[in-house]
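Visitor: Please find one structure pasted underneath; my questions will follow.
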Amino acid sequence: MDVEKRRDRKKTRRREDIIGVTRNMIVERGVDGFTLQDVANGLDLSKGTLYLSFSGKEELLRAVLEEAGTDFLEYLNARTADAASGLDTILRIGRGYLEFYEDQEDAFLLFGLMDHFAPEFPFAQGAGSGQLPQVFVELVRESLDRGVRDGSVDPSLDPDGMTFNIVFMATSLMDKVSKIPRAIRAGMDVPAIIAHAFSLLVRAVANPAIPRDLIDRYFESGAQVNLSPYWRNEK
């Protein structure tokens, strides 16, 4: 391997190490609980060496957020790809939030910092921008559009207006959870809070023919609930 390739690999590895240490510090101390010097000390590097990879703390935090956001969206996409209806996609997004917290709590908390970096989200990004937050917005909007067309979502619903309500409430939930100190969060039933929040959201958009108690059951651990016979009038 030539010198340039070795140098590039070293820079890439150092960048990954910096992001990894920063992730841990955010989870343990909060976004304002550490400095670049703390990160440098954690890696036995000089602060100047950190600046070879990142221009400052803001850029480093954005890199951490982007990585966590990518993980989260990949998680959701894998769980919604074969959804049978628009409502099914919304339900799976809710379960995705719940399971992502249970499987990757640290990444969930990091993605919850979205409001810290983009307080205007989700109201100031154009469709098709390709930015991670907007990708999530479009996933929700497409799900609601599909649900109105296939009948699983309340046909009187305004998909555009409800999209922002869902995204606003979902991201606010992550934001609030991410700011709860670990010691306090350990004594809370966070999955139950997430489940209840998404049950309320789905109740607001689902076809009126679907019994609301079945929507609640969908978010219970291990539950197997089929809602399609109700909106298809097959029960």
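Visitor: Let me have the 222 nm mean residue ellipticity of the chain computed from DSSP H runs of 4+ only, each contributing -39500 (n - 2.57), with the sum over all residues rounded to the nearest 500.
Guide: -21500 deg cm²/dmol
Visitor: Continuing with this model, one more query. Testing the spin-label approximation: label points 7 Å from Cα along Cα→Cβ at L36 and S172. State their distance in nm.
Guide: According to this spin-label approximation, the distance is 3.5 nm.
Visitor: Right, here's the next one. Give, as a single signed number, the net charge of other residues whose beta carbon lies under 14 Å from the beta carbon of Y51, with Lys and Arg counted +1 and Asp and Glu -1.
Guide: +3
Visitor: Another question, if that's okay. Between the range 145-174 and the range 70-116, what is the C-alpha centre distance in whole Å?
Guide: About 16 Å separates the Cα centre of the range 145-174 from the one of the range 70-116.
Visitor: Of the listed values (1) 13.8; (2) 14.5; (3) 15.3, grab the one calculated as mean projected area of the Cα convex hull in nm² from the structure here.
Guide: (3)
Visitor: Now, a different point. So how tilted is helix 132-150 from the main axis of the chain? Cα-based, degrees 0 to 90, rounded to 10.
Guide: The helix 132-150 is inclined about 10 degrees to the chain.
Visitor: To the nearest 0.05, what FRET efficiency results for D2 and E220 with a Förster distance of 45 Å applied to their C-beta separation?
Guide: Working from the Cβ atoms, E equals 0.20.
Visitor: Follow-up question, since we're still on this one. Put +1 on the Cβ of each Lys and Arg and -1 on the Cβ of each Asp and Glu in the range 1-54; which of F54, V3, L43 then has its Cα farthest toward the positive end of the dipole?
Guide: V3
Visitor: Work out the length of the dipole vector of the chain about its Cα centre, built from +1 on the beta-carbon of each Lys and Arg and -1 on the beta-carbon of each Asp and Glu, and round it to the nearest 20 debye.
Guide: For this selection, approximately 460 debye.
Visitor: Taking amide H positions as placed in the peptide plane 1.01 Å from N, state which residues far from A206 in sequence (5 or more) or on other chains have amide H under 5 Å from it.
Guide: So A206 has HN proximity to D154.
No lab work stands behind these numbers, since they all come straight from the coordinates. This structure is a prediction, so every number in the text was calculated from the model and none was measured. Every residue, glycine among them, receives a Cβ derived from its backbone with ideal geometry; neighbour counts consider all protein chains shown.
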